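The values are calculated or read from the model by the stated rules, or taken from the named source; none is laboratory data. Note that this is a predicted model, so its numbers are computed, not measured. Every residue, glycine among them, receives a Cβ derived from its backbone with ideal geometry; neighbour counts consider all protein chains shown. SASA here: full protein model, heavy atoms, side chains in, ligands and nucleic acids out. Shrake-Rupley method; radii C 1.70, N 1.55, O 1.52, S 1.80 Å.
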Amino acid sequence: QQQQQQQQQRQIYSSMVPSSNRPRVWVVVLGMFGCSPRMQYHTLSLLEHGYSVSVIAQPGSEPIAPLQNNAHLDYRYVAGPPVWAAQLPAVLSLLAKAVWQLAVLLWLMLLALPRPAAILLQNPPAIPTMLVCWLAMLRHRAVWVVDWHNLAYSMMQYRHGKHGWLICLSKGIERVLGRQAQAGFCVTKAMQTFLRAEFGVEAEVLYDRPPDQFHCCSTTEIHDLFGRLQQQLQQDGIGQCLQRQLEAAAGCCRRRRQAQAATLLTMLPAGSNQPVPRPGRPALVVSGTSWTPDEDFDILLKA
């Protein structure tokens, strides 16, 4: 399945641009690029497949190490709106932010940046990025590809649900402009079905897959990590459940006369330099998803 997905990804990338020497792709993320692992991995794959990449994003976080100091990669950051825009009423603030971003993106993508062969957009947000990408596609005769992470209008409902007209407007813009893209992919089959039925958009399913630097940690690596985190975990007030586990780890040390030799998950047996899993250790689940009504983390807890 992994090989099949890699082949599918290669086909998508190869269909994005005509064959030439280092064709350029714009990767558009109207958010902090370093906070979007999926778009960073797209960028890395594009570089590995022989493309030059211009990332258009907001500043505020560093990308992964392979995307730093790359001769074929440059960053064009979109400055945030003026401070006063956030002080306006909710709808006016949203409008002011969109107008500001529209002006900056129009200048960058229609005038300032080198001509791309393809544009890869992360959605959401859809406003104003979809409009500008569509105009840039027409101006530069580029291929426009949308990566549907989520739906902009559905996310807007949680903050502006009482303004029904705004949600309808957002959905209409997203539907109409989303159809103008030449290609697209999404994260689940459920979204693929929705896009086809509701938007008339055909998108390939491209599942998130961890890159090679992610691997199962050895017991020694776990022991070293949580040994470094031990003091911080005790000071951060992270909840009664975890505090009980830390106390249990300390009790394990005292019973075995090995002070400071047990962590939240591991312990160092007497007379040994090789850590082992600690009896009674908790299950530790780390998730990159947010905990919002739109991404119901409780489903995992119930499972």
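Within the stretch 126-140, none of the residues are of a type in the set (D, E, K, R), under 18 Å from Arg24 (Cα atoms), at pLDDT 90 or above and out of contact with any Leu (no Cβ under 8 Å at 6 or more places or on another chain).
Applying the condition of being open to solvent by 50 Å² or more (accessible area, probe 1.4 Å) and assigned to a helix (DSSP H, G or I) to the stretch 246-303 and asking which residue is modelled with the highest pLDDT yields Lys302. Give me the pairs: first residue in the stretch 199-210 and on the phi > 0 side of the Ramachandran plot, second residue of a type in the set (Gly, Ala, Ser), beta-carbon distance under 8 Å, and six or more apart or on different chains, which are they? Between residues of the stretch 199-210 that are on the phi > 0 side of the Ramachandran plot and residues that are of a type in the set (Gly, Ala, Ser), there is no close pair.
Checking each residue in the stretch 193-231 for being in a loop (DSSP other than H, G, I, E, B), more than 21 Å from the chain's Cα centre (by Cα) and more than 30 Å from Ala181 (Cβ to Cβ) picks out Cys216, Cys217, Ser218. In summary, Val55 fulfils each of the numbered conditions (1) open to solvent by less than 30 Å² (accessible area, probe 1.4 Å); (2) part of a loop (DSSP other than H, G, I, E, B); (3) touching a strand residue (DSSP E or B) at 6+ places or on another chain (Cβ under 7 Å) with the single exception of condition (2). When the stretch 180-193 is filtered for residues that are surrounded by 14 or more Cβ atoms within 10 Å (Cβ to Cβ) and either closer than 20 Å to Val132 by Cβ or basic (Lys, Arg) (or both), the ones remaining, listed by number, are Gln180, Ala181, Gln182, Ala183, Gly184. The number of residues in the stretch 199-223 that are more than 30 Å from Gln122 (Cβ to Cβ) and touching a strand residue (DSSP E or B) at 6+ places or on another chain (Cβ under 9 Å) comes to 4.
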